[in-house]
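Visitor: Structure provided below as structure tokens; questions to follow.
What follows is calculated from the coordinates using simple rules that are stated; it is not laboratory data. Given the structure is predicted, the values throughout are model-derived calculations rather than measurements. All Cβ positions, glycine included, derive from the backbone under ideal geometry; neighbour counts span all protein chains shown.
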Amino acid sequence: MSFVVTGATGKLGRHVVEQLLAKVPADRVTVVVRDAARAAEWAARGARVAVADYNAPESFDGVFAAGDRVLLISGNEFDKGRVQQHKVVIDAARSAGVALLAYTSAPGSLTAALADDHRGTEEALLASGVPYTLLRNGWYHENYTENLAPVLEHDAVVAAAGEGRVSSAARADYAAAAVAVLTGEGHENATYELGGDEAWSFAEYAAELSRQTGREIAYTPVAPEALTGILTGAGVPGPLAGILAGVDAAIAKGELVVDSGDLSRLTGRPTTPLADAIAAALKG
Ligand SMILES: NC(=O)c1ccc[n+]([C@@H]2O[C@H](COP(=O)([O-])OP(=O)(O)OC[C@H]3O[C@@H](n4cnc5c(N)ncnc54)[C@H](OP(=O)(O)O)[C@@H]3O)[C@@H](O)[C@H]2O)c1
């Protein structure tokens, strides 16, 4: 039996693989990647590297084996039909007879367009009959803290989230939950709503940035249409800018507040505070 991680060379995947390797022998870990060169270090440590692409069903032949516990990390090719891509993995996992297929989804409360692919994938997974775990990941701290340059340039946090709050957590926290599910027992056919212990508002985020930088950084709320314009002006492709503005509108409605406690319960520790992620990002 292997622990198999798709999207392993992505930002979340790298956390998952490192945490898995800290917990189980490397020869029980399979990383599924598009570019084997980017997984060379894991291969050297004894992990199996499988090269496969969600767009190429045949590339998944032989990747999974009966009894495997698999983490399907959702793809990021928004224009390529992600539900169909994820079905490729689900079909391969079903044919092989895997013991568990965990999927990184989005909060059940999220109605923004971004969630459509996740709901579609969840339906396909449930219909497949494969034992599943839905890891409905909330927002990452890093969505904000990895994009501080314009904030620090203008001393302004610009968002279309009104006074909405977000229960974000660090990628490392979501990775720890995924590893807990893969390596633990009793997670078959469970759905976890995952988010940080503390929800924060954009005004609070700006205040924390001000505290840590010693500068006056203000929250400037804008309308979703205005945010779309700002993002496209900064070079973000139109469709993606619309999706991001839609997420802010969802935040304004409270759709990214997750108060289930599932994340800290699965990992056995409190989630990483936003302030810690800001401090790490400012240190560079
Ligand atoms: N919760 C949140 O806040 C949030 C934010 C952004 C995204 N997400 C979702 O969570 C996922 C993981 O987050 P992340 O930060 O790790 O994103 P990421 O760094 O963009 O990673 C995406 C991963 O998907 C893989 N992938 C994309 N298309 C693929 C294909 N056709 N075949 C095989 N693999 C493919 C990529 O492979 P390569 O390494 O080869 O490029 C990469 O490993 C994202 O893809 C997205 O669905 C969640």
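Visitor: Given 0.36 nm per residue, what is the gain on full extension from LYS80 to ASP276 after removing their alpha carbon distance, in nm?
Guide: Stretched out fully, the LYS80 to ASP276 stretch lengthens by 67.0 nm.
Visitor: Rounded, prolate or oblate: pick one for segment 1-72, where a ≥ b ≥ c are the square roots of the eigenvalues of its C-alpha gyration tensor, a/c under 1.5 means rounded, and failing that, prolate if a/b is larger than b/c, else oblate.
Guide: It comes out oblate by the Cα gyration axes.
Visitor: A further question on this structure: Treat every Asp and Glu Cβ in the chain as -1 and every Lys and Arg Cβ as +1, leave all other atoms uncharged, and give the resulting dipole magnitude about the Cα centre to the nearest 20 debye.
Guide: 660
Visitor: Two decimals is fine: what's Rg over Rh for segment 165-243, C-alpha atoms, Kirkwood radius as Rh?
Guide: 1.12
Visitor: Using the charge dipole of the chain (Lys, Arg: +1 at Cβ; Asp, Glu: -1 at Cβ; taken about the Cα centre), state which of VAL24, VAL157, ALA113 has its Cα farthest towards the positive end.
Guide: VAL24
Visitor: Using a Cα-Cα cut-off of under 13 Å, which aspartates and glutamates could be cross-linked to LYS253, ignoring same-chain neighbours fewer than 8 residues away?
Guide: GLU163
Visitor: Report the full-extension gain for the segment ALA43 to LYS253: residue separation times 0.36 nm, less the Cα-Cα distance, to one decimal in nm.
Guide: Additional length available on full extension: 71.1 nm.
Visitor: Among VAL70, TYR205, VAL236, which residue has its Cα furthest toward the positive end of the charge dipole of the chain, with +1 on Lys/Arg Cβ and -1 on Asp/Glu Cβ?
Guide: My answer, from the dipole projection, is VAL70.
Visitor: Could you work out how much longer the chain between THR183 and GLU216 gets when fully extended? Use 0.36 nm per residue separation minus the Cα distance between them, nm to one decimal.
Guide: Full extension of this stretch gives 7.4 nm more.
Visitor: Which value, to two decimals, describes the C-alpha radius of gyration of segment 41-169 once divided by 2.2 N^0.38 Å?
Guide: The value comes to 1.28.
Visitor: According to a simple spin-label model (label point 7 Å from Cα along Cα-to-Cβ), what is the distance in nm between ALA203 and ALA190?
Guide: Simple spin-label model gives 3.8 nm for this pair.
Visitor: Moving to a separate point now. Mind ordering 198-209, 170-181 by average Cβ neighbours within 10 Å, highest first?
Guide: Ranked from most to least packed, the peptides come out as 170-181, 198-209.
Visitor: Hey, another quick one. Based on C-alpha coordinates, I'd like the Rg and Dmax of the chain, in Å.
Guide: When restricted to the Cα atoms of the chain, Rg and Dmax are 19.1, 57 Å.
Visitor: Relative to the compact-globule scaling 2.2 N^0.38 Å, provide the ratio for the alpha-carbon radius of gyration of segment 93-220.
Guide: 1.29
Visitor: OK, next. Hey, any idea what Rg/Rh is for segment 150-190, computing Rh the Kirkwood way over Cα pairs?
Guide: Across segment 150-190, the Cα-based Rg/Rh ratio is 1.26.
Visitor: Excluding residues fewer than 8 places away in the same chain, name every one of the lysines whose C-alpha is closer than 26 Å to that of LYS23.
Guide: Answer for LYS23, where 26 Å is the Cα cut-off: LYS11, listed by chain and number.
Visitor: Using the alpha carbon gyration tensor of segment 127-284, what are the three equivalent-ellipsoid semi-axes (square root of 5 times each eigenvalue), largest first, in whole Å?
Guide: 30, 19, 13
Visitor: Which value in nm describes the separation of the simple spin-label points at MET1 and GLU123, placed 7 Å from the Cα toward the beta carbon?
Guide: 3.2
Visitor: Still on this structure, please answer the following. In whole percent, what relative contact order does the chain give with Cα contacts below 8 Å and a gap of six or more residues?
Guide: Worked out over the chain, it gives 18 percent.
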